[in-house]
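So the structure is just underneath, and the comments pick up after that.
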Amino acid sequence: MVMLVRKVLLVDDSPTDLANIKHIVTEAGCVVITATNGKEAVEKARLEKPDLIFMDIIMPDMDGYAACRLLGSEGETKGIPVVFVTSKNQKADRLWAQMQGGKAFVTKPYAADSIIDQMKALF
């Protein structure tokens with residue numbers, strides 16, 4: 001059986017958070033693309049067609065919610081699952097994330113297992 005190499009887009013405006021999640025996803029054997037805001041995330045998703053997106057919510061230029069809505073409204077990107085990775089952890093945040101099209105929600109600080117579990121669930 002051939003294991004497909006998966007392409008994952010990571011979006012976070014914090015260099016530390018981006019480095020942490022990049023380490024986890026790379027260790028899991030995925031090809032990683034990064035973006036630092038929602039606008040850049042949408043552009044890279046259109047160009048690279050990742051298999052999965054891990055996205056922060058609070059970012060400059062365009063937040064994660066707006067980026068997720070935009071990706072979900074376009075034919076070429078609407079099938080890409082978005083997992084929000086955020087420090088926002090109220091029930092309302094989770095509900096709103098789901099309403100924007102998010103497939104899952106991981107709260108910061110997270111354990112590597114939470115990221116890996118989402119990858120297993122969505123690949």
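The values are calculated or read from the model by the stated rules, or taken from the named source; none is laboratory data. Because the structure is predicted, anything quoted here is derived from the model rather than measured. Please note: Cβ atoms are built from the backbone with ideal geometry, for glycine as well, and neighbour counts cover all protein chains shown. Ligands, DNA and RNA are stripped out before the accessible areas are found, and what is left, the full protein with its side chains, is counted by its heavy atoms. Shrake-Rupley method; radii C 1.70, N 1.55, O 1.52, S 1.80 Å.
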- Note on the structure: Shape call for segment 1-59, from the Cα gyration tensor axes a ≥ b ≥ c (a/c under 1.5 means rounded, otherwise prolate when a/b beats b/c, else oblate), comes out oblate
- Pairwise label distance in nanometres, His23 with Lys91, each label 7 Å out on the Cα-Cβ vector: 3.5
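Quick one: Cα convex hull volume of segment 57-120, Å³ per residue? Don't skip to the answer; put the middle values down first.
Working: hull volume 5.6 nm³, N = 64.
Roughly 87 Å³ of hull volume per residue.
What part of the accessible area of segment 10-87, given as a whole %, is carbon or sulfur when the probe is 1.4 angstrom?
Working: 1730 of 3440 Å².
Result for segment 10-87: 50 percent of the exposed heavy-atom area is carbon or sulfur.
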- Task: For segment 13-123, build the charge dipole from Cβ charges (+1 Lys, Arg; -1 Asp, Glu) around the Cα centre, then report which of Leu47, Ile115, Gly29 sits farthest towards its positive end.
- Result: Ile115
- Express the C-alpha Rg of the chain as a ratio against the empirical globular expectation 2.2 N^0.38 Å, rounded to two decimals. 0.95
- What net charge do the residues around Ile33 carry, taking every other residue with its C-beta under 14 Å from that of Ile33, with Lys and Arg at +1 and Asp and Glu at -1? +1
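Let me have the 222 nm mean residue ellipticity of the chain computed from DSSP H runs of 4+ only, each contributing -39500 (n - 2.57), with the sum over all residues rounded to the nearest 500. Provide the component values of the computation, followed by the final result.
Numbers: 5 runs with 54 residues, N = 123.
About -13000 deg cm²/dmol.
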- How large is the dipole of segment 26-123 about the Cα centre if only Lys and Arg carry +1 and Asp and Glu carry -1, each at its Cβ, rounded to the nearest 20 debye? 300
